[in-house]
Each structure stands twice: as structure tokens, then as C-alpha cells.
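Bear in mind these aren't lab numbers, they're just calculated from the coordinates by the rules spelled out. Note that the coordinates shown come from a computational prediction; the quantities given were computed from them, not determined experimentally. Neighbour counts run over all protein chains shown; Cβ positions are idealised from the backbone, glycine included.
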Amino acid sequence: MAGEKKNFKLIAAGAVVLLLLAGIGIGAQKGKLQLSSSDRADLIEVKAPTYKICASTNWVVADKKGFFEKEGIKIVYTGELISTQILPSVLNGNNDVATAQPNLLAIAKSGGAKVTAVARNQVEPGPDVDPIFRHMRWYVKPETGVKSIADLKNYKAGEKLKTNGTVNSCNQFLFNTLLDKYGVARDRFEWVTFTNDIAVIQSTSQGILDVAQVHPPYYKSAEDAGLILIDDSTDTDLGEAAGASLYYFRDDYIKEHPDTVKRFVRAVIAAQKWSNENPDESIKLTADWINVPVTGVHYFATTSEIKESDITPWLKDLENSGALQPGQIKASDLITHEFDKEAI
């Protein structure tokens, strides 16, 4: 076991080095730059990846409902990127801001990445909120006979099972938390990387994957494909930490443009609060943006205050897997509380 942890840590560390090096050569642009809907010339331009995935709602709402413009911000959408290219694109200046889960930021920080989280993005909603806003769901084909994560313990005994996700993602952290909860061995699974949840759903329907890990707004797509729900992120018992996601900028950008960061934080938190309070319109805006039927979107933090208690479980999981040494990275290392006063 110790050898496995050591090897995992070496692989993770090597991945960070490659990530940082790759950032020098990866361009953030795919085709023409996409400007926000505002045409005002006096706005401050902030570059961000073009999110056309589950992470798009907050950006679309902030843009289309005028929250960015109100704060004097114009987002320059630089193009779609695969997940592994986003952080390098911020490091090399092709983008100024992006979002990530705490475990990705922790691994990046451990590798020397000069980025810092400035505000909260997504959180797991409470039990009184419609389940369609929960951060993740897990689906299988009905033919499997699997009714819950616990059933995977004896499913296809002796065989490796396949699911989607990457190292140090919410998929891995939340799924492993559920596997541990129900006594299913983590090493039963092989991880396959996909560019989007639609491909995941199709691959599960075709039997290529055994378990589909799906985010909103793709729950309806999974159900339309005939897949059945077996568990969701609230079942991890992590509370709002199960959905934890953060906005981050380069450290030098924060130092050189603190007022712009303040404006950005105010805009996105106002948009997130509006999205939670106006789910039907948020769903429609998201559906129009990604051109996929949508029944739910993510649930968002309504203050910018970053709760270190939401980050700690993600770090403990990295320590347990051997990706980080105990105490190597603390929640306080990933964030700044400078912009907490921008909370609404």
C-alpha cells in the first residue's frame, strides 16, 4: 500500500510539472474571441475560457442579466478548452480567471502554481432545495440490475469496472467518498476521460462505461437515454462541501488589479444569488447557451466568503490517497479572504 501511495504521489507530482510546462505552450483560443453581450467601450476586459459545460450557468447569467456590465466588466471569452488546459491558460496569461475544485488547486499549488481563489462558485444545496440542483449524479443502464453504489460491490465480480473522470477532480473525490461509504473497493474502477457529459451518457448507454458520473445540466439527457439514477452528491454526507468550487486568478493579476477582482467578485456573486432565486430563467439561459435540453443547473454560493471547512475534506482525500503529504497544503494556502467583504 505504501508503494502504491508513493507511486501515485510521483505520478501526481509529475502531472503538475507537465501541466505547468504545458501552460507555456497552450493557447487559450479556439477560433475567434467571443466577446460578452455588452458593446460598451468603457468596460474593463477580463479574459475567461468559454464554458459550454455544466460550469456555464454563472457566466451566462452574469453576462445576459447585466451583472458584469453593472460592475464595469466585460468578459472576453477566449474559446473552449478541455479541463486540463484551463489552469495552464490562466498561468500563461491567455486567461485571467477560471473556476476549479479545491483538489485541483491544491495539486497545482503543491507544484508551485501562482494562483489563488478569491470567491466561492458552486456549493451543494441543502435538503430543502430541489434535488435537480445537486452537484452530481451517478447513473447506470437498467439492465445492470444495480440500484445503488453499494450494489457495485458484487457487480461483475472479478472484473474491472469503468467510469468517467480524471485524477483530482470532483468525479474522483465524490465517487471515492461514496465507494468508501458503501465498502466498495476503489481499485475496482478504471477511469476514462471524456470531453463532456453527453459523450459519457452515450458511452454508458452503449455499455462502454459501467457508471456514468453526470453533472447538471445533463441530468435530463441521462434520463432521456434510459439510464437510471443510483446515487447523488448529497449522499456523500459532505454537506455543501460536496459541491465546492472556487474562482481563481493569477497571483500577479490579483496584486496588480485588485479593484477589477473586486468588481468581478461582486458581479458573479450577484449573478449566483439571482440564479438560485430564478431557477427557471437560469435553466432557459443555460439551455440556450449550450444547445442541450436542461431541467436543472448547479446551485451557487450567495456570498463570496470562502469557508475553509468546505475545502478541508478535499485536502484530506488527497492526503489519504498519497497525492499530498499530511499538512503539505492547508485550506488557507489556496485562498485569500481579501474579497470576503464583497459578500452580499
Report summary line: By Cβ neighbour count within 10 Å, fewest first, Y139, Y51 rank Y51, Y139
Query raised in the report: Along the three principal axes, how long is the stretch 214-266 when you take its alpha carbons, biggest first, rounded to the nearest angstrom?
Result: 51, 26, 18
Report task. If a/c stays under 1.5 just call it rounded; otherwise compare a/b with b/c (prolate if a/b is bigger, oblate if not). Do that for the stretch 124-175, with a ≥ b ≥ c from the square roots of the Cα gyration tensor eigenvalues. Result -> oblate
Query raised in the report: Anyone know which of K156, K273, K52 comes out most mobile in the 10 Å Cα GNM of the chain?
Result: K156
Query - Volume per residue of the C-alpha convex hull in the stretch 162-255, rounded to whole Å³ - result: 127 Å³
Report task. Quick one: plug the Kirkwood hydrodynamic radius of the stretch 191-341 (C-alpha pairs) into Stokes-Einstein at 20 °C, 1.002 mPa s, and report D in µm²/s. Result -> 118 µm²/s
Query raised in the report: So if R0 is 45 Å, what FRET efficiency would N320 and A41 give, r being the distance between their Cβ atoms, rounded to the nearest 0.05?
Result: 0.30
**Report entry** Computed label-point distance, nm, for sites E256 and N291 using a 7 Å Cα→Cβ extension
**Finding:** 3.6 nm
Report task. Quick one: grab Rg to one decimal and Dmax as a whole number for the stretch 258-344, Cα atoms only, in Å. Result -> 16.8, 45
Query raised in the report: Across all directions of projection, what mean area in square nanometres is found for the Cα convex hull of the stretch 97-154?
Result: 7.1 nm²
Report summary line: Whole-Å distance linking the alpha carbon centroid of the stretch 170-232 with that of the stretch 237-310 is 24 Å
Report summary line: Row for the stretch 295-344, column shape: gyration tensor on C-alpha, a ≥ b ≥ c, rounded if a/c < 1.5 i.e. under 1.5, prolate if a/b over b/c, else oblate; value oblate
Requested in this report: Subtract the Cα-Cα distance of Y155 and T193 from 0.36 nm times their separation in residues, and report this length gain in nm to one decimal.
Outcome: 11.5 nm
Report summary line: Rg from C-alpha atoms of the chain, normalised by the globular rule of thumb 2.2 N^0.38 Å, equals 0.96
Query raised in the report: Given a Förster radius of 25 Å and the C-beta distance between V76 and K284 as r, what FRET efficiency does 1/(1 + (r/R0)^6) yield to the nearest 0.05?
Result: 0.55
Query raised in the report: Going by the alpha-carbon gyration tensor, a ≥ b ≥ c the square roots of its eigenvalues, is the stretch 56-183 rounded (a/c under 1.5) or, if a/c is not under 1.5, prolate (a/b greater than b/c) versus oblate?
Result: prolate
Report summary line: Measuring from its Cα centre, the chain shows a charge dipole (+1 at each Lys and Arg Cβ, -1 at each Asp and Glu Cβ) which, in debye to the nearest 20, is 720 debye
Report task. With +1 on each Lys and Arg Cβ and -1 on each Asp and Glu Cβ, and nothing else charged, work out how big the dipole of the stretch 185-344 is about its Cα centre, in Debye to the nearest 20. Result -> 340 debye
Requested in this report: Starting from the Cα of A185, step 7 Å along the direction of its Cβ; do the same at T312; then give the gap between the two resulting points in nm.
Outcome: 3.2 nm
Report summary line: What helix-only [θ] at 222 nm does the chain give? Using -39500 (n - 2.57) per DSSP H run of at least 4, over all residues, to the nearest 500, the answer is -12000 deg cm²/dmol
Requested in this report: Could you calculate the contour length gain from S203 to K330, that is, 0.36 nm times the residue separation minus the distance between their Cα atoms, to one decimal place in nm?
Outcome: 42.0 nm
